[in-house]
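Undergrad: There's a structure below that I have some questions on.
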Amino acid sequence: MNLNIDMTRTDIETTKSLNERAQAACLRAKAFEAAGEYEAARTAMGEFWERVGERPAVDGLDTIEQAEVILRAGTLTGWIGSARQLRGAQESAKDLISEAARLFEESGLLERVAEARVDLAICYWREGAFDEARVSCDDALQQLGDLESEQKLRALLTRAIVEKVSLRPEDALRTHRHAAPFFDKSNNVALKGKFHNEYATVLKSLGLARNSAELIDQALVEYSAASVYAEEAGNKNFLALVENNVGNLFVRLRRFDEAHQHLDRARALAVSLKDRRLVAQFDDSRARAFVSQNQLGKAEGLSRSAVKVLLEGDELSLLAEALTTHGVALARLANYAKAQPTLEKAIRTAQSAGDMESSGVAALSMVEELKDYLPFPELLSYYRMAESELMRSQHPEILDRLGNCARLLLARGSFKPAKYVGDLDQDDSAPLRSTQSPKVTTRLTGGSLEKQVLAYESGLIKEALEASDGSVTRAARMLGISHQGLAFILNGRHKDLLVARKPVKRRRRSIIRYH
């Protein structure tokens, strides 16, 4: 391990004053924390704080040193609680970090307040409370203003991560590109490594969605840079995450031999670190690889093991993902009776964390995997939940899945004839009367073929708008066209249907400015 701070325990004990001993302990602990050695960091804090769940001993310290000790105890509570899957650890961490932020603010140390805000955002992110994480990052960036600071890099990086896990890859990409020049100038190899890893993950996601070999190649280059910086920083924890991410990319490319080499290396590193959360997370990755290979028995066993570990901790988003994987594996094994409650639990777990995106993905998986098992009204209910919770998603794959499910349900719904087209039956509790594709009924009243085609098109669009409560986005998915395409048709050929659409809502802009 290559630490900037090289101070032995004896050095700390012989420091003259209590305040100086606290400063030295915090510096050493912070260096260990940056290297991912959280137990060593906890040991370094031994005179002032010994274990998760205990309040740090700050009596006799000046205000700034109190804040330093409390902040280190808070961040380590979050990291150790995550690694050991200790229930309640993230809440305790947030309490300590918030207290430290208040003390720093009273002392006028605005950069340290920003540092605490970023640490707070990380706790929220672990819990799946992404909106709260965004607010904390934005508070930190606002606090720092135009100041070039390591904390600004941490805030931008954390903000990008939150956008990525919230299925907003375009926002994540913009944040990475905005942040890249700042990271290029940094000498912090640990932070640079994390930046390249997250940047690579966003490029991978967009590259796969767009079938872009260029973006995928760029992602592999970024992952390679991340590995180099992880090795230089001596952070095995982070190196394991990079290996897992590369493995996941090869799974999507269906290069399974290479995928399992990386996934197995990631798990071995996590086991050597005794990080139960990482082991569970990597088991979930391996399970998803086996689902892709149709090795469903292996997938079900690994995902069940991951769920068992993650049930013990606070990281509800990771738990929801593992439950979703387990539910999918069970469904593909035709064990529908267990798959449904497992996916239901994934939905509830994500919702309790405030992670609407993971909840939406679980609901979407329910429709995809149990379409031949659940009655139509239940499928429709799950679809509407998924659509509602994923409406802000920018992920092309998620949008494609929503569209496919919408068309599946539209094909199975009940229709009654109208002037141009059958209106979708709005009674969700009505029994399924037809599993055939809807048939559009037109009345040939004479006139040109062009007029008849326009009438047919108008009827289809009218039906989709009514079925989607006036949402152009949802109607476009049902019709299998883009939002922009449907808007163009409405404004050009069918202005009479504009009254059926909902008013356009403007999105609030982030405080992050992109140049």
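Where a number appears in this text, it was derived from the coordinates with a stated rule and is not lab data. Here the structure is a predicted model, which is why all the values come from computation and not from measurement. Please note: Cβ atoms are built from the backbone with ideal geometry, for glycine as well, and neighbour counts cover all protein chains shown.
Undergrad: Using 0.36 nm per residue of separation minus the Cα-Cα distance, give me the extension gain between Gln293 and Arg407 in nm, one decimal.
TA: Going from the current span to full extension adds 38.4 nm.
Undergrad: Any idea how far apart Ser352 and Arg493 come out in nm if each label point goes 7 Å out from Cα toward Cβ?
TA: 5.0
Undergrad: Something else now. Find the centroid of the Cα atoms in region 193-240 and in region 79-155, then give the distance between the two in whole Å.
TA: 25
Undergrad: Sort the following peptides by mean Cβ neighbour count (other Cβ atoms within 10 Å, averaged over residues), highest first: 202-212, 62-72.
TA: Sorting 202-212, 62-72 by mean packing, highest first, produces 62-72, 202-212.
Undergrad: Normalised by the residues of region 264-407, what does the relative contact order come to in percent, with Cα pairs under 8 Å and at least six apart?
TA: 16
Undergrad: Turning to a different aspect of this structure: Please give, to one decimal in nm, the separation of the simple spin-label points placed at Ser224 and Glu20, each 7 Å out from Cα toward the Cβ.
TA: Modelled inter-label distance: 4.9 nm.
Undergrad: Of all GluC sites (Glu not before Pro) in region 108-205, which ones are in loop regions per DSSP and have a Cβ with at most 15 other Cβ atoms within 10 Å?
TA: Taking region 108-205 and a limit of 15 other Cβ atoms within 10 Å, the loop GluC sites (Glu not before Pro) found are Glu148.
Undergrad: Working from the alpha-carbon coordinates of region 8-118, get Rg over Rh, Rh being the Kirkwood radius.
TA: Rg/Rh: 0.95.
Undergrad: Only Cα pairs under 8 Å and at least 6 apart count here; give the relative contact order of region 115-209 as a rounded whole percent.
TA: 23
Undergrad: I've got another one for you. Beyond a 20 Å Cα-Cα separation, which of these cross-linked pairs lie in this structure: Lys164/Lys308; Lys152/Lys194; Lys164/Lys185; Lys30/Lys94; Lys274/Lys338; Lys236/Lys308? All intermediate terms of the calculation are to be shown ahead of the outcome.
TA: Values: Lys164/Lys308 26 Å; Lys152/Lys194 14 Å; Lys164/Lys185 24 Å; Lys30/Lys94 17 Å; Lys274/Lys338 31 Å; Lys236/Lys308 24 Å.
Table pairs above 20 Å Cα-Cα are Lys164/Lys308; Lys164/Lys185; Lys274/Lys338; Lys236/Lys308.
Undergrad: Now a separate question. What order do you get for Lys236, Lys194 when you list them from fewest to most C-beta neighbours inside 10 Å? Working shown, then result.
TA: Details: Lys236 19, Lys194 25.
Least to most surrounded, the residues fall as Lys236, Lys194.
Undergrad: Moving on to the next point. In whole percent, what relative contact order does region 358-402 give with Cα contacts below 8 Å and a gap of six or more residues?
TA: In percent, rounded to a whole number, it is 50.
Undergrad: A follow-up question, please. Can you compute 3J(HN,Hα) from phi for each residue in region 332-340, using the Karplus curve 6.51 cos²θ - 1.76 cosθ + 1.60 with θ = phi - 60°, rounded to whole Hz and x for Gly and Pro?
TA: For region 332-340, the Karplus-derived couplings read 6, 8, 6, 8, 5, 5, 8, 5, 4 Hz, x marking Gly and Pro.
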